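Chemist: This is the structure I have questions about; it appears just below.
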Amino acid sequence: VQLQASGGGLVLAGGSLTLSCVVSGSILSIQSRAWYRQAPGKQRELVAVSSIGSTTYAGSVEGRFTISRDNVYMYLHMDSLKPEDTAVYYCHVGTFAGREYWGQGTQVTVSS
């Protein structure tokens, strides 16, 4: 499985941004799709994860971020962005066999 993230950029606080991640390869092996982020000096954290019949969001983004997908892409739509949302965002998939794959990361910067 290969992942390629895009869509990051600079946005004003209160604005919106949608991240995209093209997923290719053995997509039938995918059990879960997720977005993580890592802010400077902090550990990588889970933002949202979607698997069959279940979607979970971090408390800090609940109600503002939406994870979705189609046959080729996975998306993270982000509304009401805050400066504390500034981070490098990574797409991630987990397979039924227990393997994990990461995209290369895309920078999101929210200015106040």
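Chemist: Are any residues in the range 3-50 exposed (fewer than 13 other Cβ atoms within 10 Å of the Cβ), at pLDDT 95 or above and over 15 Å from Val88 (Cα atoms), and if so, which ones?
Modeler: Leu12, Gly14, Ser16, listed by residue number.
Chemist: Please work out if Tyr89 is out of contact with any helix residue (DSSP H, G or I) (no Cβ under 8 Å at 6 or more places or on another chain), among the aromatic types (Phe, Trp, Tyr), open to solvent by less than 50 Å² (accessible area, probe 1.4 Å) and at negative phi.
Modeler: Details: out of contact with any helix residue (DSSP H, G or I) (no Cβ under 8 Å at 6 or more places or on another chain): yes; among the aromatic types (Phe, Trp, Tyr): yes; open to solvent by less than 50 Å² (accessible area, probe 1.4 Å): yes; at negative phi: yes.
Considered against the rule, which asks whether it is out of contact with any helix residue (DSSP H, G or I) (no Cβ under 8 Å at 6 or more places or on another chain), among the aromatic types (Phe, Trp, Tyr), open to solvent by less than 50 Å² (accessible area, probe 1.4 Å) and at negative phi, Tyr89 comes out as yes.
Chemist: Can you say whether Ser54 is loosely packed, with under 12 Cβ neighbours inside 10 Å and within 21 Å of Arg99 (Cβ to Cβ), as far as the supplied structure shows? Can you show your working first?
Modeler: Working: loosely packed, with under 12 Cβ neighbours inside 10 Å: yes; within 21 Å of Arg99 (Cβ to Cβ): yes.
Yes.
The values are calculated or read from the model by the stated rules, or taken from the named source; none is laboratory data. Given the structure is predicted, the values throughout are model-derived calculations rather than measurements. Ideal geometry is used to build each Cβ from the backbone, glycine not excepted, and the neighbour counts take in all protein chains shown. Please note that ligands, DNA and RNA were not included when accessible areas were found on the heavy atoms of the full protein model with its side chains. Shrake-Rupley method; radii C 1.70, N 1.55, O 1.52, S 1.80 Å.
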